[in-house]
1. Output the number of the condition that Gly87 fails; it satisfies all remaining conditions of (1) part of a loop (DSSP other than H, G, I, E, B); (2) under 24 Å from Ala176 (Cβ atoms); (3) touching a Pro at 6+ places or on another chain (Cβ under 8 Å).
2. Given the conditions (1) in contact with a helix residue (DSSP H, G or I) (Cβ under 9 Å, 6 or more places away or on another chain); (2) over 28 Å from Pro85 (Cβ atoms), and given that Ala186 satisfies all but one, which numbered condition is not satisfied?
3. Restrict the check to segment 59-73 and report whether at least one residue is of a type outside the set (A, V, I, L, M), farther than 20 Å from Lys181 by Cα and assigned to a loop (DSSP other than H, G, I, E, B).
4. Based on what the data block shows, is Ala176 surrounded by fewer than 19 Cβ atoms within 10 Å (Cβ to Cβ), of a type in the set (Gly, Ala, Ser), under 16 Å from the mean Cα position of the chain (by Cα) and modelled with pLDDT of 95 or more?
5. Out of all the residues in segment 70-88, which are touching a His at 6+ places or on another chain (Cβ under 8 Å) and of a type in the set (A, V, I, L, M)?
6. What pairs come up if the first residue lies in segment 31-51 and is over 16 Å from Ile184 (Cα atoms), the second is surrounded by fewer than 16 Cβ atoms within 10 Å (Cβ to Cβ), and their beta carbons are under 6 Å apart, counting only those six or more places apart or on different chains?
7. Of a type in the set (Ser, Thr, Tyr) and modelled with pLDDT of 95 or more: is that true of Thr86 in this structure?
8. Please pick out the residue among Thr156, Thr143 that is part of a loop (DSSP other than H, G, I, E, B), among the polar types (S, T, N, Q), within 25 Å of Lys42 (Cβ to Cβ) and touching a residue at least 12 places away in the same chain (Cβ under 8 Å).
Amino acid sequence: MSLSRNRFRTAFVVAIGALASAGSASAQRFSATSPDIHPGRKIAAAQVFNGMGCTGNNISPALEWHGAPVKTKSYAITAYDPDAPTGSGWWHWVVYDIPANVTKLPAGAGDGSKHLLPQGAVQGDTDFGIAGYGGPCPPAGDTPHHYHFTVFALDTDKLDIPASATAAYVGFNLHAHTLAKAEIVALYGR
């Protein structure tokens, strides 16, 4: 009897370990890449804000993502600086309702006048007070800030968000519908 219990326990532990590994492997498959921003590296002037003392080109980076969960119905993208001296960070870009068949955005898609977002995608207001991409522009002399470019795989076709919603409101809804996230964290200081 004792030998059977030990075999059962061993099989149970192995099965749980296999499930945990499968879940981790699934989550790790969802990834984001960019030719414009790279993990742990300095963000180029092309993506830096043009204003508030910064003289960049304010071009949103090209992004591509792979390996989303099968049940993904749409995507969203945010760019966020948790190091901003505001007490709540700084939202630089919020895009949601990106159709599930889209797996990349070109550079400059964050400029609404260029019409580079896929049909149906919505840009929310950032902490700059406008919809669209606003690049890094930390206070001069600060240590480099961390900019989190996150792609969310969502379980819904569309988020039910009012047009005047804050980025935090959008973030709340993103977290309620997230199946997986892929992230690139790059740096910028001046």
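1. Here Gly87 meets the rest and fails (3).
2. Only one criterion is unmet by Ala186, namely (2).
3. Keep residues of segment 59-73 that are of a type outside the set (A, V, I, L, M), which gives 60-61, 64-67, 69, 71-73.
From what is left, the residues that are farther than 20 Å from Lys181 by Cα are none.
Checked against the condition, which is being of a type outside the set (A, V, I, L, M), farther than 20 Å from Lys181 by Cα and assigned to a loop (DSSP other than H, G, I, E, B), segment 59-73 yields no hits at all.
4. So Ala176 fits the description; yes.
5. Taking segment 70-88 first, the residues touching a His at 6+ places or on another chain (Cβ under 8 Å) are 78-84.
If the condition is that a residue be touching a His at 6+ places or on another chain (Cβ under 8 Å) and of a type in the set (A, V, I, L, M), then Ala79, Ala84 are the ones that fit.
6. From residues that are over 16 Å from Ile184 (Cα atoms), the pairs are Ala46/Asn57.
7. Details: of a type in the set (Ser, Thr, Tyr): yes; modelled with pLDDT of 95 or more: yes.
It is true that Thr86 is of a type in the set (Ser, Thr, Tyr) and modelled with pLDDT of 95 or more.
8. Details: Thr156 fails: within 25 Å of Lys42 (Cβ to Cβ).
Thr143 is the lone residue from the list that is part of a loop (DSSP other than H, G, I, E, B), among the polar types (S, T, N, Q), within 25 Å of Lys42 (Cβ to Cβ) and touching a residue at least 12 places away in the same chain (Cβ under 8 Å).
The values are calculated or read from the model by the stated rules, or taken from the named source; none is laboratory data. Computed from a predicted model, the values in this text were never measured in an experiment. Glycine gets a Cβ as well: all are built from the backbone with ideal geometry, and neighbour counts include every protein chain shown.
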